[in-house]
Amino acid sequence: MSDKADIKSMSLEQLTDLVKAMGEKPYRAKQLFGWMHEKMVPSIDDMKNLPKSFRDRLKLECQYTLLQMVDVQVSKQDGTRKYLFALEDGNVIESVFMRYHFGNSVCISSQAGCRMGCKFCASAIGGLVRGLKTSEMLEQIYGISRHVSEKISHVVVMGTGEPLDNYDNLLDFIKILNHESGLHMSQRNITVSTCGIVPKIRALAEEKMQINLALSLHASSQEKRKELMPIANKYELPEVLDACRYYFEKTGRRITFEYSLVAGVNDGGEDARELAALISHMNCHVNLIPVNPVKERNFKKPEGERVLEFKNKLEKYGINVTIRREMGRDIDGACGQLRKRYLERQG
């Protein structure tokens with residue numbers, strides 16, 4: 001990894017300090033910030049209103065993060081695109097581009113690999129390599145936007161990795177994405193998913209941002225959650241839900257509970273009843289996700305009728321619930337599968 005200044009990860013204030021230290025006028029920092037984060041140019045040479053001497057010095061002394069596109073799969077069904085990007089150190093990460101009626105959404109990765117070990121997730125196989133830099137998170141959005149020549153209006157941090165396990169870089173990422181001199185994306189259009197790292201959920205609540213929090217719940221009891229998610233051995237379900245309530249109190253943002261339905265494991269009538277009892281007094285929404293089979297695990301997706309039955313039961317108990325629309329079903333849709341296949345071929 002380069003030890004040069006990673007300018008695409010810097011705030012405008014940090015860039016201003018850097019630019020002044022290089023003997024340039026402070027306003028050059030705002031020009032540089034705009035070229036990187038609003039115009040999303042692929043090279044320093046494209047920054048035409050910066051003096052050539054300054055551009056040459058930036059190229060020599062700073063790092064300008066770009067991701068290399070290794071593979072892209074396009075769904076024939078709905079146009080969803082799954083990208084595999086290579087990082088400068090040879091690691092690979094996945095991102096997904098989805099078109100919705102409300103705009104274009106990109107799902108990004110926050111880490112190369114993951115150490116959380118959730119049983120139904122391909123991303124966790126092989127463990128964590130490292131957290132992504134702020135610039136590497138941003139460049140997934142910028143690279144895709146350049147590739148499709150379309151504006152991205154929504155971002156979901158729900159790809160490979162646990163975002164709150166890369167907390168400081170995640171915060172910097174959100175602030176740059178939201179900055180008026182960059183893409184100026186509304187915080188309400190940014191969703192961060194977590195498996196439930198309680199202290200970090202509480203810390204995020206204290207930031208009082210307007211981002212959406214999605215909790216990977218996946219079970220209606222502590223015992224069942226421990227079977228599916230190793231993080232449950234560290235944080236009990238009541239304290240995770242308390243942290244979610246705290247997040248709502250501080251931000252006013254409704255919590256989304258992600259619930260992967262696994263046939264015969266957590267998709268029964270009793271599970272629906274327990275789940276409803278668990279969250280009935282919270283301002284929340286449940287997103288049901290029929291599990292994507294991963295060949296290393298023997299989990300199976302429930303039949304469509306079973307999924308509908310579960311949804312109807314939750315609604316009967318007064319829970320706000322939807323079934324996640326499956327995007328890109330005909331490509332490597334499950335999180336981590338494209339990366340895993342690539343690593344297997346390399347290795």
(request) Name the residue farthest towards the positive end of the dipole of region 69-346 from the options PRO302, VAL96, LEU241, assuming +1 on Cβ of Lys and Arg, -1 on Cβ of Asp and Glu, about the Cα centre. (result) PRO302
(request) Taking the chain as the reference, fit the longest principal axis to its C-alpha atoms, fit the long axis of helix 27-37 to the helix C-alpha atoms, and give the angle between the two in degrees, 0 to 90, nearest 10. (result) 40
(request) Return the sequence-ordered ³J(HN,Hα) values of region 249-254 in whole Hz as given by the Karplus equation 6.51 cos²θ - 1.76 cosθ + 1.60 applied to θ = phi - 60°, using x for Gly and Pro. (result) 4, 6, 10, x, 8, 4
(request) Using amide H atoms built 1.01 Å from N in the peptide plane, name the residues 5+ places from VAL286, or on other chains, whose amide H lies under 5 Å from its own. (result) PHE257, ASN320, VAL321, THR322
(request) Could you pull out every residue, at least 5 positions away or on a different chain, whose amide H is within less than 5 Å of the one on VAL156? Hs are placed 1.01 Å off N in the peptide plane, and Pro or chain starts have none. (result) VAL106, CYS107, ILE108, THR191
(message) I want to check the label-to-label distance for ALA86 and ARG306. Put each point 7 Å from Cα in the C-beta direction and report it in nm to one decimal.
(response) 4.1
(message) Within region 6-28, name every residue whose backbone N is under 20 Å away from a label modeled 7 Å from Cα of ASP56 along the Cβ vector.
(response) 19-25, 28
(request) Note the angle between two axes, namely the Cα long axis of helix 337-346 and the longest principal axis of the Cα atoms of the chain, as a number of degrees from 0 to 90, rounded to the nearest 10. (result) 60
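What is the gain in length, in nm to one decimal, between LYS25 and SER43 on full extension, counting 0.36 nm per residue of separation less the C-alpha to C-alpha distance? Write out the running numbers ahead of the final one.
Working: separation 18, 0.36 × 18 = 6.48 nm, distance 2.12 nm.
Working it through step by step, the gained length comes to 4.4 nm.
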(message) Multiplying the sequence separation of ARG202 and GLU227 by 0.36 nm and subtracting their Cα-Cα distance, what value in nm do you get?
(response) 6.5 nm
(request) For helix 304-316, report the angle its Cα long axis makes with the longest principal axis of the Cα atoms of the chain; keep it between 0 and 90° and round to the nearest 10°. (result) 80
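Need the full-extension length gain, SER186 to GLN77, defined as separation in residues times 0.36 nm minus the C-alpha distance. One decimal, nm.
Values: separation 109, 0.36 × 109 = 39.24 nm, distance 2.92 nm.
Difference between extended and current length: 36.3 nm.
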(request) Would you pull out the residues with amide H under 5 Å of ASP71's amide H, same chain only if 5 or more places away, H placed 1.01 Å from N? (result) LEU84
(request) Return the sequence-ordered ³J(HN,Hα) values of region 59-75 in whole Hz as given by the Karplus equation 6.51 cos²θ - 1.76 cosθ + 1.60 applied to θ = phi - 60°, using x for Gly and Pro. (result) 5, 6, 9, 10, 9, 10, 5, 9, 9, 8, 6, 8, 7, 9, 10, 10, 6
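Each reported figure results from applying straightforward, stated rules to the coordinates on display, with no laboratory input. Everything numeric in this text was worked out from a predicted model, so none of it was measured. With ideal geometry, Cβ positions are generated from the backbone for all residues, glycine too; neighbour counts draw on all protein chains shown.
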